[in-house]
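Engineer: Below is the structure I would like to discuss, written out as structure tokens.
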Amino acid sequence: MKCYLFCKDLILFVFQLFAFFYLASGNLASEKRILLEFKSSVFDPSGVLSSWNSSNNPNHCSWFGVSCNSRSEVISITIPGGCREVSEGNFAQPCSCSSKLSKFPFYGFGLRRSACSKGKLVGNLSPLVGKLTELRVLSLAFNDIGGEIPLELWGLQNLEELDLEGNSLTGKLPNEFVGLRNLRVLNLGFNELEGEIPGSFSRFVDLEVLNLAGNKLKGSMPSYVGSFHKLKGLYLSNNQLKGPILENFGSNCRYLEYLDLSWNFLVGSIPSSLGNCPRLRTLLLFSNMFDGVIPNELGQLHKLKVLDVSRNNLSGLIPMELGNCAQLSVLVLSNLFDPVLSEQSSSEELSFRLPLATTDEYNHFRGSIPMRITTLPKLKVLWVPRANLEGKLARNWSGCENLEMVNLAQNRFSGEIFGVFNGCKKLHHLDLSSNRLTGELDDKLPIPCMTLFDISGNL
């Protein structure tokens, strides 16, 4: 009797083991078919997916861009597109931008590093990718994938990172979906998405990075964004967003490092609550319709490196509290250039334009530049042309050993220039034109080494 029971249990165990391996092998075959279906749905002129070949390379986990877990289930597909430049916030810009951005030399200081792959995929994203149930990462940034994002992708329960930046995706973001409960990174920047930012995104409670920049999104900035307590980077620039930034935005931003809301139609005042974001390193609010003053509370941002509030309707005094931002490297308070992203040209480069007239800067401040700003030890760029500033320049910018670029043109500064920039050994761009300055030039200024030196239009 015991022998009979033992044999029965053994047969049952062997059957279960066989069933497990049969189902597992079937599942792996299914995942391989899904990958091959994805390959067949795109045009691959550079042979990026040449290793995706079940005849020559049957192990799909060794295919380019594919990673698997210990059970050989696909957990990551990472296939970056052509040449790109990536910022510290882990987001990319096409390399073709770099030459265009040279027209705006204050932009991107310390923000970019380059990375390239061997080609681009062209086509639509297969809905079958949504059947890769263990997928954690789907990254196809800077390819040429078009069409709408398949609804099946929004149903992936385990996906943590969805990075489709720099493609040609169209359509609207979904108002309802069932997956993405564990999403940490949502990067859909620089596509052609339309509509509003949906309320369904409020479920992304663990989101660390949200990039929707460079689309055609309208509506207001969602209030729930302020409740993402783990958020490190928020990029909504170059859309058509309207309305104010709600004051409670800065009430839950202890981890926020990058905030870019530029190139929209946002109105109202800059929230003083942004001063509650202790890790904020980059704050870009330019080319909106903000009014009022620059909040003194921004002086609490001791890790801030880049601040650009140009091309708004700001007024009042430049707060001396900005002198508390000891890490500040780039300070842009007004700007006569207007780098506006236009449609892609036939060569797929992003083109920029300069305005026909330079009358679009509406920031008009009172007073002068506080002394505490001129002595910031890490300041590289100070850009404040045509901002209604007046008074005398500080006699000696004592903390300017890192200063590289100064543009104070078309203001009403007076007094002598002699000795002001003596200690600025790295200075290579100095524009003080169209002010009321007098006196002689200092022979210690390294004028022959400068890329731009303009003091025309003074007294």
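Each value in this text was obtained by applying a stated rule to the coordinates, not by laboratory testing. These numbers come from a predicted model, not from an experiment. Positions of Cβ are generated from backbone atoms using ideal geometry, with glycine treated the same way; all protein chains shown enter the neighbour counts.
Engineer: Once you list every other residue whose beta carbon is under 11 Å from the beta carbon of Leu285, what net charge do they have if Lys and Arg are +1 and Asp and Glu are -1?
Structural biologist: Counting the neighbours of Leu285, the net charge comes to -1.
Engineer: At Ser227 and Glu401, where each label point lies 7 Å from the Cα along Cα→Cβ, what is the point-to-point distance in nanometres?
Structural biologist: 4.9 nm
Engineer: If the cut-off is a Cα-Cα distance under 26 Å, which lysines reach Lys120, setting aside same-chain residues fewer than 8 apart in sequence?
Structural biologist: Lys32, Lys39, Lys100, Lys131, Lys172, Lys216
Engineer: Could you list which residues have their amide H under 5 Å from that of Leu266, counting only those 5 or more apart in sequence or on another chain, with H placed in the peptide plane?
Structural biologist: Those lying under 5 Å, H to H, from Leu266 are Met289.
Engineer: When the chain is fully extended, how far beyond the present Cα-Cα distance does Lys426 get from Thr170, taking 0.36 nm per residue of separation?
Structural biologist: 87.6 nm
Engineer: Turning to a different aspect of this structure: Once amide H atoms are built 1.01 Å from N in the peptide plane, which residues 5 or more positions from Asn124, or in another chain, come under 5 Å H to H?
Structural biologist: Distant-sequence amide H within range of Asn124: Gly146.
Engineer: In sequence order, what are the phi-derived ³J(HN,Hα) couplings for the range 413-420 according to the Karplus relation 6.51 cos²θ - 1.76 cosθ + 1.60 with θ = phi - 60°, rounded to whole Hz, with x for glycine and proline?
Structural biologist: 5, 10, x, 8, 8, 4, x, 5
Engineer: Quick one: if the Förster radius is 45 Å, what FRET efficiency do Ile455 and Ser51 give, using the C-beta to C-beta distance and rounding to 0.05?
Structural biologist: Between Ile455 and Ser51 the formula returns 0.15.
Engineer: Please work out how much length the chain gains when fully extended from Lys216 to Lys242, using 0.36 nm per residue of separation minus the C-alpha to C-alpha distance, in nm with one decimal.
Structural biologist: 8.1 nm
Engineer: At 10 °C and 1.306 mPa s, what whole-number value in µm²/s does Stokes-Einstein give for the translational diffusion of the range 397-458, with Rh from the Kirkwood sum over Cα pairs?
Structural biologist: Translational diffusion coefficient: 136 µm²/s.
Engineer: Same structure, new question: Provide the net charge surrounding Val205, with neighbours chosen by a C-beta distance below 14 Å and charges set as Lys +1, Arg +1, Asp -1, Glu -1.
Structural biologist: Computed value for this residue: +1.
Engineer: If Lys and Arg each add +1 and Asp and Glu each add -1, what is the summed charge of the other residues whose beta carbon sits under 14 Å from the beta carbon of Cys400?
Structural biologist: +4
Engineer: Starting from the amide H of Gly415, placed 1.01 Å from N in the peptide plane, find each other amide H under 5 Å away whose residue is 5 or more places distant or on another chain.
Structural biologist: Amide H neighbours of Gly415: Thr438.
Engineer: Here's another thing I want to ask about it. Straight-line reach from Lys305: which lysines fall under 22 Å, measuring Cα to Cα and dropping same-chain residues less than 8 apart?
Structural biologist: Lys103, Lys230, Lys232, Lys378, Lys380, Lys425, Lys426
Engineer: Using a Förster radius of 35 Å, what is the FRET efficiency between Lys392 and Val267 based on their Cβ-Cβ separation? Nearest 0.05, please.
Structural biologist: About 0.50, to the nearest 0.05.
Engineer: Apply 1/(1 + (r/R0)^6) to the Cβ-Cβ distance of Ile447 and Glu194, taking R0 = 45 Å, and write down the FRET efficiency to the nearest 0.05.
Structural biologist: Efficiency, from the Cβ-Cβ distance: 0.35.
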